Amino acid sequence: MQHWHGLSMATSPFSDGTPLASQWPIPPRKFFDYEMHVPFGMAGTYFYHSHVGFSAISCTGPLIVKDKEIPYKYDEERIVFLQDVFTKNDSTIEAGLIANPLVWSGETSMILVNGKGAGTANGTACNASLAAIDVQPAKTYRLRLVGATALTFASLAIEGHDMTVIE
């Protein structure tokens, strides 16, 4: 089940992906077609993630809704998608979060940028290369930033560039 962040579901209330809140869970080996009618003026950068257990940290991705006419001039765009990685498995973290009292899972072992990061999770190397965003001089880029971390507050800085925040 996918849950959509930031996107208004006013015209699609039974496709918000929260099991037993806005729709019934999808049984194993079955499917559900999501139909969204995006209202005028809702173009932008959103993301989706699972709402089953703690799979929100791994079953996730960007969702870009574009205008017919681009209101800002730029040459190319890049997505910067941030995720957290934990050394404990999903079921252990979930059990701790719903326990009374709460059992903290511990801090993230790394932050992934576009699915890449250097470090280990459960003793296994996890995408042992760092993310790089290729750009060319004298071009204007639109960066679509998505903070898809589950339990981590992440800060991002881009140093030495002129930037205009458009949304």
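The values are calculated or read from the model by the stated rules, or taken from the named source; none is laboratory data. Everything numeric here is computed off the predicted structure, so don't read it as measured data. FYI the Cβ positions are ideal-geometry reconstructions off the backbone, even for glycines, and counts take in every protein chain you see. Side chains are part of the model used for accessible areas, which takes the heavy atoms of the whole protein and leaves out ligands, DNA and RNA. Shrake-Rupley method; radii C 1.70, N 1.55, O 1.52, S 1.80 Å.
With respect to Gly106, determine if the residue is more than 30 Å from Gln136 (Cα to Cα) and at pLDDT below 85.
Yes: the conditions hold for Gly106.
Filter segment 119-134 down to the residues that are in a loop (DSSP other than H, G, I, E, B), open to solvent by less than 80 Å² (accessible area, probe 1.4 Å) and either at pLDDT 75 or above or in contact with a Ser or Thr (Cβ under 7 Å, 6 or more places away or on another chain) (or both) and list them by number.
Gly119, Cys126, Ala131, Ile133, listed by residue number.
Using beta carbons and a limit of 6 Å, which pairs, at least six apart or on different chains, have the first residue in segment 96-109 and closer than 8 Å to Phe86 by Cβ and in a loop (DSSP other than H, G, I, E, B) and the second one open to solvent by 50 Å² or more (accessible area, probe 1.4 Å) and of a type outside the set (A, V, I, L, M, F, W, C)?
Cβ pairs passing all conditions: Ser105/Lys88; Ser109/Thr87.
Can you confirm whether segment 34-43 contains a residue that is farther than 30 Å from Leu97 by Cα, open to solvent by less than 80 Å² (accessible area, probe 1.4 Å) and not hydrophobic (A, V, I, L, M, F, W, C)?
The answer is yes; a qualifying residue exists.
Return the pairs, sorted by first residue and then second, in which the second residue is of a type outside the set (S, T, N, Q) and surrounded by fewer than 10 Cβ atoms within 10 Å (Cβ to Cβ), the first residue lies in segment 130-142 and is closer than 21 Å to Ile166 by Cα and in contact (Cβ under 8 Å) with a residue 40 or more places away in the chain, the beta carbons are less than 9 Å apart, and the residues are 6+ apart or on different chains.
That search, which allows pairs on different chains as well, returns Thr140/Lys73.
Would you tally the residues in segment 73-95 being assigned to a loop (DSSP other than H, G, I, E, B) and either loosely packed, with under 11 Cβ neighbours inside 10 Å or at pLDDT 90 or above (or both)?
3
I'm trying to understand the selection: among the residues of segment 24-64, which are aromatic (Phe, Trp, Tyr), farther than 19 Å from Thr152 by Cβ and not in a loop (DSSP other than H, G, I, E, B)?
Tyr46
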